[in-house]
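Trainee: Quick one: structure below, then a few questions.
The values are calculated or read from the model by the stated rules, or taken from the named source; none is laboratory data. Please read these numbers as outputs of a predicted model, since none were measured by experiment. Reconstructed Cβ throughout: ideal geometry from the backbone, glycine too, with neighbour counts over all protein chains shown.
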Amino acid sequence: MEKLFGYVDSDYLTAARDLFAPVKQRSYELMGDLDSKHILDIGCGPGLDTVAMARLVGSQGRVEGIDHDPAMIEQAQSLANANQVNNTVQHQVASASQLPFANDHFDAVRSERLFMHLAQAENALAEAARVTKPGGRLVVVDTDWGSLSTNTGADEIERRLVKFRAESYLANGYSGRRLYGLFSAQSLCDIRVETVALHTTDLPLWLLLTQTEQVTEVARERGVLSGKEVENWQNALVRSSETEAFFGSVNIVTVSATSV
Ligand SMILES: C[S@@+](CC[C@H](N)C(=O)[O-])C[C@H]1O[C@@H](n2cnc3c(N)ncnc32)[C@H](O)[C@@H]1O
């Protein structure tokens, strides 16, 4: 499979899990009472959420996960097997823009950090709404990469990189801030918006979670930053960590609604 900019592997997603734990937990709550329900996770990655939600649906419920990456689906199924929830949880390769399910199929549907990769996010939301039963809950979590904020002292370079990442590196880097508008354009009711700012003072974790080195390299290749500016930026990151001034934060937006 071709790896697009912004592609993350299952090691990345596992490292991010603790930081995202409260956001994930809240997204499950926003899906409503899941006991004995049939639910879907779109862009499920290595199955961290599908397996976690097996407990919430119980032995009478069912969790399905789809992802367009066969390697992710293989890992998700292995995780389900290892956790002995493979009777409850199933995964399959599919595209978010063409879900292989009938209309009004699921009691609740969620998607986390997928929409930032989609140039046509409105199609994915329409598909998610199509497969959700009337009265069912729809929950989408995504990052507003425009809100990425990194304290290094090299503020002008940092701002240029934020703009580059949000507008050129990712297909839909402002996804988080655009979610409310996407939901409003659909036939959905009871739309709710919640935002949390994740932060860390741990530079290596931040570099991993934000893929800053990869983004910086592509920005240099595209002429957004000169070689000298990249060097200044890298030095500023290290200096801010050494002087215990390093701080990074980003807004994660969750929008939920009821299908009609
Ligand atoms: C940042 S990961 C998030 C994974 C998971 N939701 C989580 O929070 O751990 C994004 C996932 O979306 C998947 N993805 C990207 N574009 C997709 C598409 N068009 N259809 C289905 N899955 C897609 C990727 O393969 C990847 O597993």
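Trainee: Scan Val23, Val109 and give me the residue that is within 11 Å of the ligand (Cβ to nearest atom) and either assigned to a helix (DSSP H, G or I) or touching a Gly at 6+ places or on another chain (Cβ under 9 Å) (or both).
Mentor: Just a single option satisfies the conditions, and that option is Val23.
Trainee: Can we say Gly6 is at pLDDT below 95, at positive phi and within 13 Å of the ligand (Cβ to nearest atom)? It would help to see each step written out before you state the result.
Mentor: On the way: at pLDDT below 95: yes; at positive phi: yes; within 13 Å of the ligand (Cβ to nearest atom): yes.
So Gly6 passes the test.
Trainee: Within the bounds of the stretch 53-69, is there any residue that is assigned to a loop (DSSP other than H, G, I, E, B), out of contact with any Cys (no Cβ under 8 Å at 6 or more places or on another chain), on the phi > 0 side of the Ramachandran plot and more than 9 Å from the ligand (Cβ to nearest atom)?
Mentor: The initial filter retains those residues of the stretch 53-69 that are assigned to a loop (DSSP other than H, G, I, E, B), namely 58-61, 68-69.
Of the ones still in play, those that are also out of contact with any Cys (no Cβ under 8 Å at 6 or more places or on another chain) are 58-61, 68-69.
The next check asks that each one be on the phi > 0 side of the Ramachandran plot; those that pass are 58.
Narrowing further to those that are more than 9 Å from the ligand (Cβ to nearest atom): 58.
Yes.
Trainee: Identify all residues within the stretch 92-105 that are away from the ligand (no atom under 11 Å from the Cβ) and within 18 Å of Ile73 (Cβ to Cβ); write none if there are none.
Mentor: Result: Pro100, Phe101.
Trainee: Still on this structure: Restricting the search to the stretch 168-203, which residues are part of a strand (DSSP E or B) and of a type in the set (Asp, Glu)? Don't jump to the end; show me each part of the working.
Mentor: Residues of the stretch 168-203 that are part of a strand (DSSP E or B), as a first pass: 188-200.
If the condition is that a residue be part of a strand (DSSP E or B) and of a type in the set (Asp, Glu), then Asp190, Glu194 are the ones that fit.
Trainee: Looking at the stretch 97-136, which of the residues that are over 23 Å from Asp190 (Cα atoms) and aliphatic (A, V, I, L, M) is nearest to the chain's Cα centre (by Cα)? Break it down into steps so the answer makes sense when it comes.
Mentor: The initial filter retains those residues of the stretch 97-136 that are over 23 Å from Asp190 (Cα atoms), namely 97-102, 116-120.
From what's left, aliphatic (A, V, I, L, M): 99, 102, 116, 118-119.
On the way: Leu99: 18, Ala102: 25, Met116: 7, Leu118: 11, Ala119: 15 Å.
Within the stretch 97-136, the match that is nearest to the chain's Cα centre (by Cα) is Met116.
Trainee: Further question: Scan the stretch 203-230 residue by residue and report those that are of a type in the set (S, T, N, Q) and surrounded by 13 or more Cβ atoms within 10 Å (Cβ to Cβ). Steps first, answer last, please.
Mentor: Our first condition is that a residue be of a type in the set (S, T, N, Q); within the stretch 203-230, this holds for 210-212, 214, 216, 226.
Selection gives Thr210, Gln211, Thr212, Gln214, Thr216.
Trainee: Testing Gly32 on (1) of a type outside the set (Val, Ile, Thr); (2) within 14 Å of the ligand (Cβ to nearest atom); (3) not in a strand (DSSP E or B), one condition comes back false. Which one is that?
Mentor: The failed condition is (2).
Trainee: I'm checking my understanding of the structure. Among residues of the stretch 150-202 that are polar (S, T, N, Q) and surrounded by fewer than 19 Cβ atoms within 10 Å (Cβ to Cβ), which one is farthest from Gly32 (Cα to Cα)?
Mentor: Taking the stretch 150-202 and keeping what is polar (S, T, N, Q), we get 150-152, 168, 172, 175, 184, 186-187, 195, 200-201.
With surrounded by fewer than 19 Cβ atoms within 10 Å (Cβ to Cβ) added as a condition, the list becomes 151, 168, 184, 186-187, 195, 200-201.
Details: Asn151: 38, Ser168: 36, Ser184: 20, Gln186: 20, Ser187: 19, Thr195: 19, Thr200: 30, Thr201: 34 Å.
Across the stretch 150-202, the extreme among qualifying residues is Asn151.
Trainee: Turning to a different aspect of this structure: For the stretch 116-149, what are the residues that are away from the ligand (no atom under 14 Å from the Cβ), among the aliphatic types (A, V, I, L, M) and either crowded, with 23+ Cβ neighbours inside 10 Å or part of a strand (DSSP E or B) (or both)? Steps first, please.
Mentor: Narrowing the stretch 116-149 to residues away from the ligand (no atom under 14 Å from the Cβ): 129-130, 132-138, 144, 146-149.
The next check asks that each one be among the aliphatic types (A, V, I, L, M); those that pass are 129, 138, 148.
Leu138, Leu148 - these are the residues of the stretch 116-149 that are away from the ligand (no atom under 14 Å from the Cβ), among the aliphatic types (A, V, I, L, M) and either crowded, with 23+ Cβ neighbours inside 10 Å or part of a strand (DSSP E or B) (or both).
Trainee: Can you tell me which of (1) among the polar types (S, T, N, Q); (2) touching a Lys or Arg at 6+ places or on another chain (Cβ under 7 Å); (3) more than 20 Å from Ser256 (Cβ to Cβ) is the one Ser27 doesn't meet?
Mentor: Result: Ser27 fails condition (3) only.
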